[in-house]
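Here the structure is laid out as structure tokens; the discussion comes afterwards.
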Amino acid sequence: MSEEISLMKGNEAIAHAAIRYGVDGYFGYPITPQSEIIETLMEAAPWKTTGMVVLQAESEVAAINMVYGGAACGKYAMTSSSSPGVSLKQEGISYMAGAELPCLIVNVQRGGPGLGTIQPSQADYFQTVKGGGHGDYKLITLAPNSVQEMADFVALGFDLAFKYRNPAMILTDGMIGQMMEKVRLPAFRPRRTDDEVRAQCPWATLGKTPDREPNIITSLELDSALMEKNNERFQAKYRLVEENEVLYQEVKCGDADYLLVAFGSAARICLKTIEMARDEGIRVGLLRPITLWPFPDKILHRYADKVKGILTVELNAGQMVEDVRLAVNGKIPVEHYGRLGGIVPTPDSVLDALKEKVVK
């Protein structure tokens, strides 16, 4: 079937895009506000059409370890959850990073800490880009700001995960997960055969063939010298990702005196703030990181020589602002504005914060 345009929620777009990409297995557990992902998959019943496995595990811990098993076989395996559930998955995510297994994880963030609220938040930024589990590892992190990007980033996330043999995450929030927009779904593509998996993933544990030694997937190495070499290899890989895979969007930045830096739903709000500010004669632009890791620090560093100040807008107490400050290295003021507990800022409040904190 060719591309088609539909009206659906962001969570639903994730599910349909996964089926159309040729995902082999989804292993999840329901939690608001992302439950529509597994519900949509169950309703679509792709096991009847593509052979895709869709399984509600007994817990989030079980789900991420099922993803580990599928990924170790070179399969397209994914899971999704919301903030407290993703916290439970952190050990498995660290294991997969250490075993160099590609997979896709979706986090539809809700307010915390603890059980918090089912309303949207962006307070899992630290957990995601600084390593929520143990060890020196990184997650390739994509931050959509529309239902269309929710669909598009399924393919992008898997492509990057397999390119670098590393877990990837779509870090979104309850607003984008629950909102409905027009979305162009990708065309169907068939799932790979086992022979195609073996060709793409010669490391996969699909059974030993006569022409090679057995494949072993593990994150364990008891020899410290060898473990250091493993880590050095990981760090070299991360530097390649940082060099080649940074994605961002610039909106009216060319003549800007001030920058708003925001991702996901907060960036959508900032688009209206830019219009309002420019109506008042304040030249403001928006820089939206699309990859939260790798972070667009080099482009922000260049803007430090062009603008007078930056305001980060986040649905948290101030997390991405630390990376922006590191990027500009003290050249210009960088301030933060955010709302907590599921409260979403308005364009007017963002403009007021910009005037109070940055435009002086």
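The values are calculated or read from the model by the stated rules, or taken from the named source; none is laboratory data. Everything quoted here is computed from the prediction, not taken from an experiment. Because the Cβ atoms are built from the backbone with ideal geometry, glycine has one as well, and the counts that use them run over all protein chains shown. Keep in mind that these areas ignore ligands, DNA and RNA; they rest on the heavy atoms of the full protein, side chains included. Shrake-Rupley method; radii C 1.70, N 1.55, O 1.52, S 1.80 Å.
Relative to the longest principal axis of the chain, what angle (0 to 90°, nearest 10) does the C-alpha long axis of helix 35-44 take?
Approximately 50 degrees, to the nearest 10.
Can you tell me the order of 324-333, 157-166, 109-118, 184-193 when each peptide is scored by its average per-residue count of other Cβ atoms within 10 angstrom, highest first?
Ranking, from highest mean packing down: 157-166, 109-118, 324-333, 184-193.
Find how much the distance from Arg233 to Glu250 grows on full extension, using 0.36 nm per residue of separation minus their present alpha carbon separation; answer in nm with one decimal.
Full extension of this stretch gives 2.8 nm more.
Work out the length of the dipole vector of the chain about its Cα centre, built from +1 on the beta-carbon of each Lys and Arg and -1 on the beta-carbon of each Asp and Glu, and round it to the nearest 20 debye.
440
Where Lys and Arg each count +1 and Asp and Glu each count -1, what net charge lies around Gln148 among other residues with Cβ under 9 Å from its Cβ? Numbers along the way, then the final one.
Working: positive: Lys182, Arg184; negative: Glu149, Asp152, Glu181.
Once positives and negatives cancel, what remains is -1.
Residues with beta-carbon under 11 Å from that of Leu271, excluding Leu271: net charge, scoring Lys, Arg +1 and Asp, Glu -1?
In short, +3.
Over segment 5-194, what number does the Rg to Rh ratio reach, with both radii from the alpha-carbon atoms and Rh per Kirkwood?
0.93
Using the alpha-carbon centroid of each, what span in Å lies between segment 228-288 and segment 294-360?
After rounding, the separation between the Cα centres reads 10 Å.
Report the antiparallel proportion of the DSSP beta bridges in segment 249-357 as a percent, rounded to a multiple of 5.
20
So, in Å, what gap is there between the alpha-carbon centers of segment 186-209 and segment 8-72?
19
Where both residues lie in segment 5-194, what percent of DSSP beta bridges are antiparallel, nearest 5?
The antiparallel proportion sits near 25 percent.
Using a 1.4 angstrom probe on the protein heavy atoms only, line up Trp203, Trp293 by accessible area, largest first.
Most to least solvent-accessible, the answer reads Trp203, Trp293.
Ranking request for peptides 226-238, 120-132: highest mean number of other beta-carbon atoms within 10 Å first, then the rest in descending order.
Highest to lowest by the protection proxy: 120-132, 226-238.
Could you put Thr218, Thr40, Thr50 in order of accessible surface area, largest first, with the 1.4 Å probe and the full protein assembly present?
Descending accessible area places them as Thr218, Thr50, Thr40.
Leaving ligands, DNA and RNA out of it, work out the accessible area of Asp211 with a 1.4 Å probe and give it in Å² to the nearest 10.
In the full protein context, Asp211 sits at about 130 Å².
Quick one: what are the phi-derived ³J(HN,Hα) couplings along segment 49-64, Karplus 6.51/-1.76/1.60 with θ = phi - 60°, whole Hz, x for glycine and proline?
With coefficients 6.51, -1.76 and 1.60, one gets 10, 9, x, 5, 7, 10, 9, 8, 6, 6, 6, 5, 4, 4, 4, 5 Hz.
In percent, how large is the relative contact order of the chain, given Cα pairs closer than 8 Å and 6 or more residues apart?
18
Run the reach check for Lys355 against aspartates and glutamates, Cα to Cα strictly under 19 Å, same-chain hits fewer than 8 apart removed. What comes back?
Output for Lys355: Asp255, Asp257, Glu275, Asp279, Glu280, Glu314, Glu335.
Nearest 5 percent is fine: what portion of the DSSP beta bridges confined to the chain is antiparallel?
So the antiparallel bridges in the chain amount to around 30 percent.
Any idea how far apart Lys163 and Glu356 come out in nm if each label point goes 7 Å out from Cα toward Cβ?
4.2
If packing is taken as the average number of other Cβ atoms within 10 Å across a peptide's residues, how do 297-304, 147-154, 168-175 rank, most packed first?
Working: 297-304: 16.8, 147-154: 24.1, 168-175: 27.8.
Put in order of decreasing packing, that is 168-175, 147-154, 297-304.
Give the residue list of GluC sites (Glu not before Pro) in segment 273-360 that are DSSP loop and have at most 13 other beta-carbon atoms within 10 angstrom.
On the way: sites: Glu275, Glu280, Glu314, Glu322, Glu335, Glu356; in loops: Glu280.
Qualifying residues, ordered by number: Glu280.
Mind pulling the per residue volume of the convex hull built on the Cα atoms of the chain? Å³ is fine.
Spelled out: Cα convex hull of the chain, divided by residues, is 141 Å³.
Cα axis of helix 10-21 to longest principal axis of the chain: angle in degrees, 0 to 90, nearest 10?
40
Summing Lys, Arg as +1 and Asp, Glu as -1, what charge do residues with Cβ under 9 Å from the Cβ of Ser87 carry, Ser87 excluded?
Details: positive: Lys89; negative: Glu60, Asp124.
With Lys, Arg at +1 and Asp, Glu at -1, the net is -1.
Which length gain, in nm to one decimal place, applies between Ser224 and Trp203 when the Cα-Cα distance is subtracted from 0.36 nm times their residue separation?
So the chain would gain 5.3 nm between Ser224 and Trp203.
Given a Förster distance of 41 angstrom, what is the FRET efficiency for His301 paired with Arg189, based on the Cβ-Cβ distance and rounded to 0.05?
Here the calculated transfer efficiency is 0.60.
If I fit a long axis through the Cα atoms of helix 224-244 and take the longest principal axis of the Cα atoms of the chain, what angle between them do I get, 0 to 90°, rounded to 10?
50
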